[in-house]
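See below for the structure under consideration.
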Amino acid sequence: MSATDTGSGTSTGTTPGTGRAQPFAAPKGIPEYLPADGFVRVRDALVAAADRAGYGHIELPVFEDTGLYARGVGESTDVVSKEMYSFADRGERSVTLRPEGTAGVVRAVIEHGLDRGGLPVKLRYAGPFFRYERPQAGRYRQLQQVGVEAIGVDDPALDAEVIAVADEGFRSLGLTGYRLELTSLGDADCRPPYRERLQEFLAGLPLDEATRHRAAINPLRVLDDKRPEVRALLADAPLLVDHLSEASAAHHAAVKRHLDDLGVAYVENPRMVRGLDYYTKTTFEFVHDGLGAQSGIGGGGRYDGLMEVLGGQPLSGVGFGIGVDRTLLACRAEGVAIDDAPRVDVFCVPLGDAARDRLVVVAAKLRAAGVRVDIAYGGRGLKGSMKAADRSGARFALVLGERDIEAGTVGVKDLGSGDQDAVALDAVVETVAGRIHG
Ligand code: HAM
């Protein structure tokens with residue numbers, strides 16, 4: 001992958017010994033994708049899966065009022081307390097580069113009254129998000145997500161649809177080496193008493209100071225401790241899935257039944273911890289085995305209190321965010337071919353200035369007819385230009401020299417078979433467009 005995460009930030013002055021201006025590097029932890037990387041292919045496959053289920057596109061602002069994330073995502077989360085790119089704009093308002101999409105979607109639904117129409121409101125989005133994390137393979141400071149949110153209907157079948165859309169997005173790319181982990185985080189009836197029960201249990205353990213502190217603030221997070229000695233202590237910890245309210249338990253059972261009906265395999269992970277505070281009931285993560293530490297390729301769940309917290313009516317919501325960067329890495333890990341398709345259908349090879357002048361016009365006319373066309377600029381000669389034509393992935397090369405112009409024809413070469421025929425110059429647009437659109 002040409003994505004770079006080793007950029008060193010601002011550079012100034014000249015490169016010693018050359019007198020040339022010193023080049024810049026992209027900021028640290030920010031990947032970028034070049035045409036052959038397959039980024040667009042992966043992103044669009046994930047988006048297409050959402051489109052097939054009727055999610056409409058929403059283009060969200062890249063920054064919002066800082067308070068939206070503090071209130072929506074939760075002050076105690078790492079995302080809000082440690083990772084936000086926040087700054088005062090020139091009007092002294094505190095704004096934050098979006099760290100995730102759900103809070104922004106809910107804000108937009110409330111602001112535009114989308115929840116006053118038919119429910120659920122189904123929206124999808126794609127684009128960059130920003131978290132000041134320590135960069136490593138698969139963990140970036142600018143990360144790309146495709147997400148969906150379905151707001152206003154508390155139906156377990158909708159949870160299953162959201163999960164199935166993500167699963168279908170991965171499958172449509174040819175991915176198989178991942179698993180879906182599922183749990184329920186309960187609701188306002190069962191979570192507070194469970195939290196107390198867990199805190200009581202944790203208070204009886206010989207935990208270190210930092211972990212005790214964590215237990216006081218967010219005891220659920222302690223359950224996800226990766227250290228073997230802590231894991232051993234937690235073996236008999238009470239689990240929320242065993243203490244769900246009747247409504248949450250019924251919801252959870254129904255989601256699993258729907259997933260079974262849909263043939264979407266899952267494993268239960270009752271110790272799953274998500275990094276955002278808004279989740280209720282259904283919570284899930286897609287985990288890929290070929291990615292090392294940063295194995296979460298997507299995650300999401302239900303957030304039944306978020307609309308109200310952000311000043312809207314008390315409507316439920318459910319959604320996911322898929323990491324496009326990590327999905328791309330997963331494709332590479334599995335050897336799935338994701339190179340972007342050829343960018344042109346036709347490549348023009350002018351031999352001389354007069355030929356170039358003619359082919360520039362032919363190319364413009366073909367483009368207007370819906371054919372993708374590129375030209376060998378710069379008088380490269382036949383050999384170099386034909387190499388460029390092959391590299392372009394085009395189906396046909398149009399070869400024009402002095403003698404062709406005199407004869408009023410242009411050579412149309414099929415780059416697959418190598419066959420070439422002469423087509424009248426004044427009919428070439430129609431002929432080639434016909435062959436392409438077939
Ligand atoms: P999230 O789990 O924080 O959820 O992020 C979703 C996905 O984004 C992750 O599974 C991962 O693939 C990718 N991701 C997160 N951080 C990074 C990073 N630093 N570098 C690369 N990839 C990353 C959310 O953001 C929720 N808004 C999802 C959601 C939507 N829940 C309900 N609706």
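The values are calculated or read from the model by the stated rules, or taken from the named source; none is laboratory data. Source: prediction; values computed, not measured. We place every Cβ from the backbone using ideal geometry, glycine too, and count neighbours over all the protein chains shown. Just the protein is used for accessible areas: all its heavy atoms, side chains included, with ligands, DNA and RNA removed. Shrake-Rupley method; radii C 1.70, N 1.55, O 1.52, S 1.80 Å.
Quick look at the numbers
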read-out: Residue in segment 7-20 that is within 30 Å of Ile338 (Cα to Cα) and touching a Gly at 6+ places or on another chain (Cβ under 9 Å) present; value: yes
read-out: Test for Ala166: is it assigned to a helix (DSSP H, G or I), assigned by TED's automatic domain parsing to the domain that holds Ala253 and either surrounded by fewer than 22 Cβ atoms within 10 Å (Cβ to Cβ) or without any contact (Cβ under 8 Å) to a residue 60 or more places away in the chain (or both); value: no
read-out: Subset of segment 379-407 [assigned to a loop (DSSP other than H, G, I, E, B), under 38 Å from the mean Cα position of the chain (by Cα) and of a type in the set (Gly, Ala, Ser)]; value: Gly393, Ala394
read-out: Filtered residue count, segment 138-165, keeping only those that are of a type in the set (Lys, Arg) and either away from the ligand (no atom under 12 Å from the Cβ) or within 16 Å of Ala253 (Cα to Cα) (or both); value: 0
read-out: Number of the condition not met by Gly138 [criteria: (1) closer than 24 Å to Arg43 by Cβ; (2) open to solvent by 30 Å² or more (accessible area, probe 1.4 Å)]; value: (2)
read-out: Scope segment 291-317; condition outside any loop (DSSP other than H, G, I, E, B) and either of a type in the set (Ser, Thr, Tyr) or near the ligand (Cβ under 7 Å from one of its atoms) (or both); matching residues; value: Gly296, Ile297, Gly298, Gly299, Gly300, Gly301
read-out: Criterion violated by Gly9 - all others in (1) modelled with pLDDT under 95; (2) over 26 Å from Glu133 (Cβ atoms); (3) of a type outside the set (Val, Ile, Thr) satisfied; value: (2)
read-out: Complete set of residues in segment 256-302 that are over 20 Å from the mean Cα position of the chain (by Cα), over 27 Å from Ser76 (Cβ atoms) and open to solvent by less than 20 Å² (accessible area, probe 1.4 Å); value: Leu259, Val264
read-out: Flag if Pro350 is more than 16 Å from the ligand (Cβ to nearest atom) and closer than 30 Å to Gly169 by Cβ; value: no
read-out: Given (1) β-branched (Val, Ile, Thr); (2) closer than 21 Å to Pro35 by Cα; (3) in a strand (DSSP E or B), index of the condition Val371 fails; value: (3)
read-out: Filtered residues of segment 335-355 (kept if open to solvent by less than 60 Å² (accessible area, probe 1.4 Å) and either in contact with a strand residue (DSSP E or B) (Cβ under 9 Å, 6 or more places away or on another chain) or not in a loop (DSSP other than H, G, I, E, B) (or both)); value: Val344, Asp345, Val346, Phe347, Cys348, Val349, Pro350, Leu351, Gly352, Ala354, Ala355
read-out: Pairs with Cβ under 7 Å, 6+ apart, first in segment 118-142 and free of Cβ contacts under 8 Å to residues at least 24 places away in the same chain, second more than 9 Å from the ligand (Cβ to nearest atom) and open to solvent by 40 Å² or more (accessible area, probe 1.4 Å); value: none
read-out: Arg107 vs. criteria more than 9 Å from the ligand (Cβ to nearest atom), closer than 21 Å to Arg71 by Cα and touching a residue at least 24 places away in the same chain (Cβ under 8 Å); value: yes
read-out: Subset of segment 116-137 [in contact with a helix residue (DSSP H, G or I) (Cβ under 7 Å, 6 or more places away or on another chain), part of a loop (DSSP other than H, G, I, E, B) and more than 9 Å from the ligand (Cβ to nearest atom)]; value: Pro120
read-out: Qualifying position, being outside any loop (DSSP other than H, G, I, E, B) and either in the same structural domain as Tyr55 (by TED's automatic domain parsing) or over 31 Å from the mean Cα position of the chain (by Cα) (or both), among Arg221, Arg171; value: Arg171
read-out: Inter-residue pairs, beta-carbon under 9 Å, first touching a residue at least 24 places away in the same chain (Cβ under 8 Å) and in segment 182-193, second of a type in the set (A, V, I, L, M, F, W, C) and assigned to a strand (DSSP E or B), 6+ apart; value: Leu182/Val267; Leu182/Phe284; Thr183/Phe284
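This table checks each residue for (1) over 18 Å from the mean Cα position of the chain (by Cα); (2) modelled with pLDDT of 95 or more.
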site	(1), (2)
Leu46	no, yes
Ala50	no, yes
Pro61	no, yes
Asp65	yes, yes
Leu68	yes, yes
Gly72	yes, yes
Asp78	yes, no
Met84	yes, yes
Arg90	yes, yes
